[in-house]
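Notes follow once the structure below has been shown.
The values are calculated or read from the model by the stated rules, or taken from the named source; none is laboratory data. This structure is a prediction, so every number in the text was calculated from the model and none was measured. Don't worry about glycine lacking a Cβ; one is built from the backbone with ideal geometry, like all the others, and counts go over all protein chains shown.
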Amino acid sequence: MRKEYNTTQSLEIIAAPEECYRLLCDFEGYPKWFKNVRKVSITDLGEDGRPLRAHYVFDIAIKQGFQIVLEYGYEDDKCRLNYKSVGGTFSDASGYYQFRRLTTGKTLAEFHVHVGLGVVLPSKITSYLMDVVQVGVLKMMKNELEKDIT
């Protein structure tokens, strides 16, 4: 039985959308602020020199970590990064990050995930993977972007 999981989380960040987008698109810099990333390797570059695919090893949920290869699509004018898995532990994962300017001088950071699994997972595991991890990533981004604010 195949199960589809979709969830979207958002968080306000005191930074411009462009700063959020720039941080997120610096994949090789993830280990500096994304505590669950063990290793990142860029596997393909586009004609513009930006990464099209990256291979990640994460320390999340299971001791040996899980691996995923993500393919990216950039929408610079919208500060939106689309992704889909093309290999690794989760072969049917996709989604996006989008950063929207708020009138308060903040940015609304949105993280959407779609995962299709061949098995139904217990709700505790799916809740952890889909909600806690998503919120954790957004909080780590927020902490990195706001670390110099006093």
Original post:
How many residues are under 27 Å from Asp92 (Cβ atoms) and free of Cβ contacts under 8 Å to residues at least 60 places away in the same chain if we restrict to the range 1-28?
Top reply: 4
Original post:
Restricting attention to the range 41-75, which residues are among the aliphatic types (A, V, I, L, M), within 13 Å of Asp26 (Cα to Cα) and either within 13 Å of the chain's Cα centre (by Cα) or at pLDDT below 95 (or both)?
Top reply: Ala54
**OP:** Quickly run through the range 41-51 and pick out the residues that are under 15 Å from Asn82 (Cα atoms) and part of a strand (DSSP E or B).
**Re:** Pro51
**OP:** Being acidic (Asp, Glu) and loosely packed, with under 14 Cβ neighbours inside 10 Å is the filter; apply it to the range 45-62 and report the residue that is farthest from Glu75 (Cα to Cα).
**Re:** Glu47
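Results for (1) in a strand (DSSP E or B); (2) touching a Phe, Trp or Tyr at 6+ places or on another chain (Cβ under 6 Å); (3) among the β-branched types (Val, Ile, Thr), shown as yes or no for each residue.
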| residue | (1), (2), (3) |
| --- | --- |
| Gly29 | no, no, no |
| Arg53 | yes, no, no |
| Tyr72 | yes, yes, no |
| Gly87 | yes, no, no |
| Phe99 | yes, yes, no |
| Ala109 | yes, yes, no |
Original post:
Yes or no: Arg38 assigned to a strand (DSSP E or B), at pLDDT 95 or above and basic (Lys, Arg)?
Top reply: no
Subject >> Which numbered condition Pro17 misses (of (1) more than 27 Å from Ser127 (Cβ to Cβ); (2) out of contact with any Ser or Thr (no Cβ under 6 Å at 6 or more places or on another chain)) >> reply: (2)
**OP:** Output the residue which, of all residues in the range 91-114 that are polar (S, T, N, Q) and in contact with a strand residue (DSSP E or B) (Cβ under 9 Å, 6 or more places away or on another chain), is surrounded by the fewest Cβ atoms within 10 Å (Cβ to Cβ).
**Re:** Thr104
**OP:** Exactly one condition in (1) buried (at least 17 other Cβ atoms within 10 Å of the Cβ); (2) at pLDDT 90 or above is not met by Gln134; state its number.
**Re:** (2)
